[in-house]
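Asks: Please see the structure below; I have some questions.
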């Protein structure tokens with residue numbers, strides 16, 4: 001088997017969305033095509049089990065706020081006295 005000594009980059013299509021996957025000796029990074037920020041996991045974290053918690057925390061912090069629907073917004077208006 002060949003040892004990974006330098007970065008290896010590939011394009012993936014997941015649900016019609018293009019991503020760039022970069023695999024390095026230290027870990028891997030998955031980003032939307034044309035973007036810089038994405039999910040980065042170190043091999044050590046993946047093997048030790050810390051990766052799942054780190055990804056979940058990062059995803060919750062980076063997730064966009066859910067839009068408020070018009071019907072829900074109407075219920076949140078202050079009542080006139």
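Asks: Among the residues in region 49-70, are any at pLDDT 80 or above and out of contact with any helix residue (DSSP H, G or I) (no Cβ under 8 Å at 6 or more places or on another chain)?
Replies: No, region 49-70 contains no residue that is at pLDDT 80 or above and out of contact with any helix residue (DSSP H, G or I) (no Cβ under 8 Å at 6 or more places or on another chain).
Asks: Regarding residue 30, is this residue surrounded by 15 or more Cβ atoms within 10 Å (Cβ to Cβ) and outside any strand (DSSP E or B)?
Replies: no
Asks: While we're on this one: Only one of (1) surrounded by 11 or more Cβ atoms within 10 Å (Cβ to Cβ); (2) at pLDDT 90 or above; (3) in contact with a strand residue (DSSP E or B) (Cβ under 7 Å, 6 or more places away or on another chain) fails for residue 11. Which number is that?
Replies: (1)
Asks: Considering only region 1-27, state which residues are under 20 Å from residue 54 (Cβ atoms) and not in a strand (DSSP E or B).
Replies: Matches in region 1-27: 24, 25, 26.
The values are calculated or read from the model by the stated rules, or taken from the named source; none is laboratory data. Note that the structure is a prediction, hence the values are computed from the model and not measured. Backbone-built Cβ (ideal geometry, glycine too); neighbour counts: all protein chains shown.
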